[in-house]
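Below is one structure, written out as structure tokens; comments come after it.
The values are calculated or read from the model by the stated rules, or taken from the named source; none is laboratory data. Being a predicted model, the structure only gives us computed values, none of them experimental. Here Cβ is always computed from backbone atoms with ideal geometry, including for glycine, and neighbour counts include all displayed protein chains.
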């Protein structure tokens with residue numbers, strides 16, 4: 001298995017840094033996802049790792065081997081791009097075999113390996129078909145099989161599901177994850193879809209404007225975002241501005257501007273400092289919790305939207321200063337669903353609040 005190290009990579013296009021001194025480590029056998037908005041540099045970084053772009057500074061290492069002067073065709077990488085790039089005049093099997101033929105593998109070995117790759121991605125019985133006879137999901141499986149059949153040391157995937165509909169995206173991402181786990185192949189995956197990143201990744205790096213803002217397990221980024229950008233990008237976060245006050249027994253509390261309430265939060269900072277308090281929608285309740293010893297905070301407003309989503313009712317509530325708050329109530333009491341125009345009080349446990357620096361790098 002291959003460990004990938006990215007050390008101080010810089011890439012400029014003109015005067016603009018597309019990659020601004022990024023350092024990362026991808027552990028052997030893990031699925032590592034680069035996620036961020038369009039233009040944040042994630043595809044540029046992937047292309048540098050593949051050798052398709054030269055960096056202006058920094059190094060890329062596979063295990064302990066420096067790759068900076070190694071051309072792409074000698075890096076032994078499987079690549080899956082957003083565009084399928086399937087050869088329309090070749091059958092499914094011939095498309096999968098393309099990389100093996102370029103490596104002058106024997107015909108018998110090619111036949112065996114193509115059959116094996118076809119089985120791996122659930123394309124049995126389709127190897128003699130033409131690409132035009134396949135669905136979008138089947139075509140994506142062809143591309144995946146073609147990348148894996150050469151037994152690469154590293155798999156790179158750039159927005160591989162963006163051309164599929166919602167149901168197919170879920171199916172193919174599950175297949176990719178299952179295959180990656182079975183082969184234990186180190187994989188770097190690029191997406192702008194935070195749900196996709198949460199579902200498929202061992203580790204996620206959130207990027208913005210050529211920099212990495214936070215690296216961690218999916219649940220670490222969701223529950224403990226390093227700053228407001230990460231909190232907003234990974235899931236939905238209600239954010240309240242306030243300041244720190246010194247409370248009883250040295251505890252710190254946030255007085256949230258415009259609400260006139262002192263919320264108990266697990267704060268850290270000097271009294272008087274400005275802070276942002278983040279609360280996830282699922283952390284809000286319509287009744288205070290009954291956990292012994294738990295401190296609960298509240299806010300009151302009017303329901304402006306109520307969306308029934310099956311196991312969840314999502315409320316949009318307008319509170320003081322015109323701020324809209326999103327609350328997800330799971331397993332709701334359907335006889336007591338609130339309607340647009342109703343006044344409600346929302347509660348959240350102090351332990352579920354997160355303090356959010358506004359800028360990357362703030363403490």
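Residue-wise test of (1) closer than 10 Å to residue 212 by Cβ; (2) buried (at least 16 other Cβ atoms within 10 Å of the Cβ).
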| position | (1), (2) |
| --- | --- |
| 9 | no, yes |
| 13 | no, no |
| 21 | yes, no |
| 24 | yes, yes |
| 30 | no, yes |
| 36 | yes, yes |
| 39 | no, no |
| 46 | no, yes |
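Residue 122 fulfils the conditions (1) assigned to a helix (DSSP H, G or I); (2) farther than 27 Å from residue 52 by Cα except for a single criterion, (1). Tell me, yes or no, whether the range 120-132 has at least one residue that is in the same structural domain as residue 190 (by TED's automatic domain parsing) and in contact with a strand residue (DSSP E or B) (Cβ under 8 Å, 6 or more places away or on another chain). Looking for residues that are in the same structural domain as residue 190 (by TED's automatic domain parsing) and in contact with a strand residue (DSSP E or B) (Cβ under 8 Å, 6 or more places away or on another chain), one finds none in the range 120-132, hence no. If only residues of the range 49-65 that are in contact with a strand residue (DSSP E or B) (Cβ under 6 Å, 6 or more places away or on another chain) and farther than 22 Å from residue 148 by Cβ are counted, the one that is surrounded by the most Cβ atoms within 10 Å (Cβ to Cβ) is 55. Considering 170, 142, 212, the condition of being buried (at least 17 other Cβ atoms within 10 Å of the Cβ), at pLDDT 90 or above and assigned to a helix (DSSP H, G or I) is satisfied by 142 alone. Checked against the criterion of being modelled with pLDDT under 95 and crowded, with 20+ Cβ neighbours inside 10 Å, the candidates 134, 161 yield just one match: 161. If you go through the range 303-342 and pick out every residue that is surrounded by fewer than 16 Cβ atoms within 10 Å (Cβ to Cβ), over 27 Å from the mean Cα position of the chain (by Cα) and under 21 Å from residue 277 (Cβ atoms), you end up with 4. Restricting attention to the range 236-264 and to residues that are modelled with pLDDT of 85 or more and under 18 Å from residue 327 (Cβ atoms), the residue that is nearest to the chain's Cα centre (by Cα) turns out to be 236.
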